[in-house]
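The values are calculated or read from the model by the stated rules, or taken from the named source; none is laboratory data. Since this is a predicted model, take the numbers as computed values, not measurements. Note that each Cβ is placed from the backbone with ideal geometry, even for glycine, and that neighbours are counted across all protein chains shown.
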Amino acid sequence: MSKQYEQEIRRRRTFAIISHPDAGKTTLTEKLLLYGGAIQLAGTVKGKKTQRAAVSDWMEIEKQRGISVTSSVMQFNYDGYCINILDTPGHQDFSEDTYRTLMAADSAVMVIDAAKGVERQTEKLFKVCLLRDIPIFTFINKMDRESLNPFDLLDDIEQKLGIRTYPMNWPIGSGRDFKGVYNRENREILSYGDEAGSALGGQHKLQTVKATLGDPGLDGLIGAAQHQTLADDIELLDGASYDFDLEAIRHAKLSPVFFGSALTNFGVEPFLQDFLRLTTPPLPRRSDAGEIDPMDDDFSAFVFKIQANMNKAHRDRIAFMRICSGRFEKNMEVLHVQQDRKLRLSQPQQILASEREIIEEAYAGDIIGVFDPGVFSIGDTLCAPGKKFRFEGIPTFAPEHFCLVRQVDTMKRKQFIKGTTQIANEGAIQIFQELGGGMEEVVVGVVGVLQFEVFEYRLKNEYNVDVHMQRMPHQFIRWIENEDLDPNTLSLTSDTKKVQDVRGGRLLLFTNSWSIQWALDHNEGLALSEFGKAK
Ligand code: GDP
């Protein structure tokens, strides 16, 4: 591989930002783009109105824009690095896409609201990160508001998520008294003066003043009382916190923690700098032919997301893929391994800030979207002709909401089956049938309830099928791992439902976690899994 390729790949950093809605993911993303010079004024990445719009508006937007409202990738340069941020949908009801997006990242940044600590969706997303063992960096946001005690916040992360923490910096006060952060590595204080909440509103990069603990001038900068509290906190921290351990960070055993305020930019740039230093360039990926090195001369990629255009006239779709090795060139010929056929990747796109543009080349670590005439499925591998291997598949994530669905007009059975199957193939929903049953009535499972509406809307608009949907009380799904077990012999609570997925996998739907335990207690040897077999 040429030196230039190698350099391009080495400078890439590809990560996802995860958080509970409203913790500040969008704001932080904007600020990172601001520091990267990708936008001049923060607040222009995407109108929050767009995101918060009512469901029907949101679908209208999806229709017009085709892609990137719900989830996209943003690329920018900073300090010699080429950064790919994988954005995950910001809705309360995220979909399986959010999970899958994490499959394409090399690390994750977890944004936590300093006043709330770890919230439910963060916990769920965190679990998926652990599944892939990807490093997790924590940004504790909104320090410009009254926050929980920083020690308690660390404790909360460790207790709820079961990961050790290492504060990289320490907040000086919170709320109105938030004065800056103390960097534990170089023992320097970055003070932000009185800019908090100023007319600038955090739209511009911040100026900072540097000082060290004990500096006589520090009392004037942050106040004598805060100076003393900081000195005490640091002493406590140095004695009590875990040691910095890069290996542990790389294996998701230790999370570096940063305090800041995305809105006012406090602590954003120091976070970015340290994060880029600690996270890795594109990592090798497992395949059935062993690990594939990103520096490999040959191009390879896998599809992790398919976005339907929702345009009734053209049912075109965009397949998003993560490049795992080598270099991609526009119109290059690749082997689509699962279909065993060669194809040209046409109209490769990349999304920069809010626009999509056609790209000429891309490297390992980058994400590209290509026009999909209906040939791609989630998890597909693309590689150079002459090579043939498959990347490890993407697991099916457990839906948490279920509906019993049947078509209103039984004459439209064909369209119903076609639409339902296609939408399921895109990965927006999962479909299940009664054990041994047909497709007259299916159980649709989704990760976020918004997908039910998307599903109903699309069936009507794209397939001209009206459906009757009935919510089910079930919330938990478990795949039965014992291959030779007949589910009908299981002893289960009466509200537990037995179903099968499209690949014949057998599953149980539970209404509460207590029934799961009941099933395990009353059926010796029963093995249940939270994730379906990889596609
Ligand atoms: P997301 O849902 O995680 O993408 O959260 P947003 O970035 O949209 O932020 C949610 C709300 O919190 C918005 O009103 C933001 O202006 C606000 N917000 C974000 N970061 C901060 C912060 O550091 N301080 C304060 N006070 N508000 C913030």
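Which residue pairs have Cβ atoms closer than 8 Å, lie 6 or more positions apart in sequence or on different chains, and pair a first residue in the stretch 474-492 that is free of Cβ contacts under 8 Å to residues at least 12 places away in the same chain with a second residue that is loosely packed, with under 13 Cβ neighbours inside 10 Å? Close Cβ pairs (under 8 Å, with a partner that is loosely packed, with under 13 Cβ neighbours inside 10 Å) do not exist here.
Within the stretch 136-170, the set of residues being part of a strand (DSSP E or B) and within 16 Å of the ligand (Cβ to nearest atom) comprises Phe137, Thr138, Phe139, Ile140, Asn141, Asn169. Of the numbered criteria (1) modelled with pLDDT under 90; (2) out of contact with any helix residue (DSSP H, G or I) (no Cβ under 8 Å at 6 or more places or on another chain), the one Glu453 fails is (2). Residues in the stretch 4-34 that are at pLDDT 85 or above and hydroxyl-bearing (Ser, Thr, Tyr): Tyr5, Thr14, Ser19, Thr27, Thr29. Among the conditions (1) within 33 Å of the chain's Cα centre (by Cα); (2) away from the ligand (no atom under 16 Å from the Cβ); (3) at positive phi; (4) among the small types (Gly, Ala, Ser), the only one that Gly214 does not satisfy is (1). When you scan the stretch 517-529, do you find a residue that is more than 21 Å from Arg413 (Cα to Cα), acidic (Asp, Glu) and not in a strand (DSSP E or B), even just one? Within the stretch 517-529, one or more residues are more than 21 Å from Arg413 (Cα to Cα), acidic (Asp, Glu) and not in a strand (DSSP E or B). Just one residue in the set Thr489, Thr496 is more than 18 Å from Gln430 (Cα to Cα), β-branched (Val, Ile, Thr) and surrounded by fewer than 16 Cβ atoms within 10 Å (Cβ to Cβ); that residue is Thr489. Look at (1) closer than 25 Å to Cys129 by Cβ; (2) free of Cβ contacts under 8 Å to residues at least 24 places away in the same chain and you find that Phe531 fails only one, number (2).
Look at the stretch 145-159: where a residue is closer than 14 Å to Trp170 by Cα and a partner is among the charged types (D, E, K, R) and within 16 Å of the ligand (Cβ to nearest atom), sitting 6+ places away or on another chain with Cβ atoms under 8 Å, you get Leu148/Lys116. Each residue in the stretch 178-187 was checked for being at pLDDT below 90 and surrounded by fewer than 17 Cβ atoms within 10 Å (Cβ to Cβ), and 2 of them qualify.
From the list Asp106, Asp133, pick out the single residue that is away from the ligand (no atom under 16 Å from the Cβ), modelled with pLDDT of 85 or more and surrounded by fewer than 18 Cβ atoms within 10 Å (Cβ to Cβ).
On inspection, the qualifying residue turns out to be Asp133.
A single entry from Val465, Val447 fulfils the requirement of being of a type in the set (A, V, I, L, M, F, W, C) and either at pLDDT 90 or above or surrounded by fewer than 16 Cβ atoms within 10 Å (Cβ to Cβ) (or both): Val465.
May I ask you to verify whether Gln40 is away from the ligand (no atom under 16 Å from the Cβ), at pLDDT below 75 and not in a helix (DSSP H, G or I)? Considered against the rule, which asks whether it is away from the ligand (no atom under 16 Å from the Cβ), at pLDDT below 75 and not in a helix (DSSP H, G or I), Gln40 comes out as yes. The set of residues in the stretch 436-492 being part of a loop (DSSP other than H, G, I, E, B) and either more than 26 Å from Ser513 (Cα to Cα) or small (Gly, Ala, Ser) (or both) consists of Gly436, Gly437, Gly438, Met439, Glu440, Gly448, Asn464, Val465, Asp466, Ser491. Can you confirm whether the stretch 434-444 contains a residue that is under 15 Å from Asp501 (Cα atoms), small (Gly, Ala, Ser) and under 25 Å from the mean Cα position of the chain (by Cα)? Among the residues of the stretch 434-444, not one is under 15 Å from Asp501 (Cα atoms), small (Gly, Ala, Ser) and under 25 Å from the mean Cα position of the chain (by Cα), which makes the answer no. Of the residues Ala424, Ala428, which is among the small types (Gly, Ala, Ser), touching a residue at least 40 places away in the same chain (Cβ under 8 Å), under 19 Å from Gln307 (Cβ atoms) and assigned to a helix (DSSP H, G or I)? None of the others qualify; the one that does is Ala424. I'd like to verify a number: residues in the stretch 256-278 that are over 21 Å from Phe151 (Cβ atoms), touching a residue at least 24 places away in the same chain (Cβ under 8 Å) and more than 10 Å from the ligand (Cβ to nearest atom), how many? Here the count works out to 6.
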